[in-house]
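Below is one structure, written out as structure tokens, with a few remarks after it.
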Amino acid sequence: MDAFDKKILNILQHDCTASVSDVASQVGLSTTPCWRRIQAMEKSGIIKGRVALADPEHLNVGLTVFVTIKTNQHNPKWLSEFRKVADDFPEIIEFYRMSGEVDYLLRVVVPDMKAYDSFYQRLITRANFSDISSSFAMEEIKYTTALPIDYI
């Protein structure tokens, strides 16, 4: 990736609806070479997709919960089954295997505490955990989907 690619990627990470001509103008290229660079980044997997970011409040999922999970089942079969369970819950929007004290971290969005309790009750019936803990986000201070590009 060169400086043009980085500039293009930076623009698209902040607004993927920008037209190719607008992006080209901002980075100092003509439309066709800019379009080719975007296509190359998509083909190589640098650009994984283009999405619309929805407002959680407008979708009535304004409560963000970080769920930490510990298990005594450290085997591929358990993880495979838990992945399938997580796929069944649209409330789980991020799912990570962790190092350290916690085995897994989930980011869950729901409308309110009652909805979270319902989610929690359904989750604990579907998988075997040795410990599960929840932390509720009180305020979103920084949120971005744009990744830093200075490391490439």
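The values are calculated or read from the model by the stated rules, or taken from the named source; none is laboratory data. Keep in mind it's a predicted model, so treat the numbers as computed, not measured. Cβ atoms come from the backbone with ideal geometry, glycine included; neighbour counts cover every protein chain shown. To get the accessible areas, we keep the full protein, side chains included, count just its heavy atoms, and leave off ligands, DNA and RNA. Shrake-Rupley method; radii C 1.70, N 1.55, O 1.52, S 1.80 Å.
Key figures for this structure:
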read-out: For region 1-54: rounded, prolate or oblate by the Cα gyration tensor [a/c cutoff 1.5]; value: oblate
read-out: In region 1-65, the trypsin sites (Lys or Arg not before Pro) that fall in loop regions by DSSP, at most 13 other Cβ within 10 Å; value: 48, 50
read-out: Computed E for residue 26/residue 51 - FRET, C-beta separation, R0 25 angstrom, nearest 0.05; value: 0.75
read-out: Added length on full extension, which subtracts the Cα-Cα distance from 0.36 nm per residue, residue 97 to residue 126; value: 8.6 nm
read-out: Loop-resident sites, region 1-86, for GluC sites (Glu not before Pro), counting at most 16 other Cβ within 10 Å (DSSP); value: 57
read-out: Rounded to the nearest 20 debye, dipole of region 85-152 from Cβ charges on Lys, Arg, Asp, Glu; value: 120
read-out: log₁₀ of I(q)/I(0) at q = 0.12, 0.23, 0.25 Å⁻¹ - region 20-111, Debye sum with one point per alpha carbon; value: -0.65, -1.10, -1.21
read-out: Helix-only mean residue ellipticity at 222 nm for the chain, each DSSP H run of n ≥ 4 adding -39500 (n - 2.57), per residue, nearest 500; value: -12500 deg cm²/dmol
read-out: Accessible surface, region 1-148, averaged per residue in Å² (probe 1.4 Å); value: 68
read-out: Per-q log10 I(q)/I(0), region 112-152, q = 0.31 Å⁻¹ (Debye; single scatterer per alpha-carbon; no solvent); value: -1.13
read-out: J(HN,Hα) series, region 54-70, from Karplus relation 6.51 cos²θ - 1.76 cosθ + 1.60, nearest Hz, glycine and proline x; value: 8, 7, x, 4, 5, 9, 6, 10, x, 9, 9, 10, 9, 10, 9, 10, 10
read-out: Residue-wise HN-Hα coupling along region 20-34, computed from phi with Karplus coefficients 6.51, -1.76, 1.60 (Hz; x: Gly, Pro); value: 4, 5, 5, 4, 4, 4, 5, 9, x, 10, 7, 4, 5, x, 5
read-out: Leading residue at positive end of dipole, region 1-69 (Cβ point charges), from 60, 16, 35; value: 35
read-out: Simple Cβ-charge dipole of the chain, Lys/Arg +1 and Asp/Glu -1, about Cα centre, in debye nearest 20; value: 580
read-out: Separation of the residue 6 and residue 146 label points, Cα + 7 Å toward Cβ, nm; value: 1.4
read-out: At most 11 other Cβ within 10 Å, DSSP loop - trypsin sites (Lys or Arg not before Pro), region 122-152; value: 142
read-out: Relative contact order, percent, the chain [alpha-carbon distance under 8 Å, six or more residues apart]; value: 27
read-out: Rel. contact order, % - alpha carbon contacts under 8 angstrom, at least six apart, region 80-136; value: 27
read-out: Rounded percent of accessible protein surface that carbon and sulfur make up, the chain, 1.4 Å probe; value: 52
read-out: Under Karplus coefficients 6.51, -1.76 and 1.60, residue-wise ³J(HN,Hα) of region 98-108 in Hz, glycine/proline x; value: 10, 9, x, 5, 9, 8, 9, 10, 10, 10, 10
read-out: Relative packing of peptides 100-111, 129-140 - highest average C-beta neighbours within 10 Å first; value: 100-111, 129-140
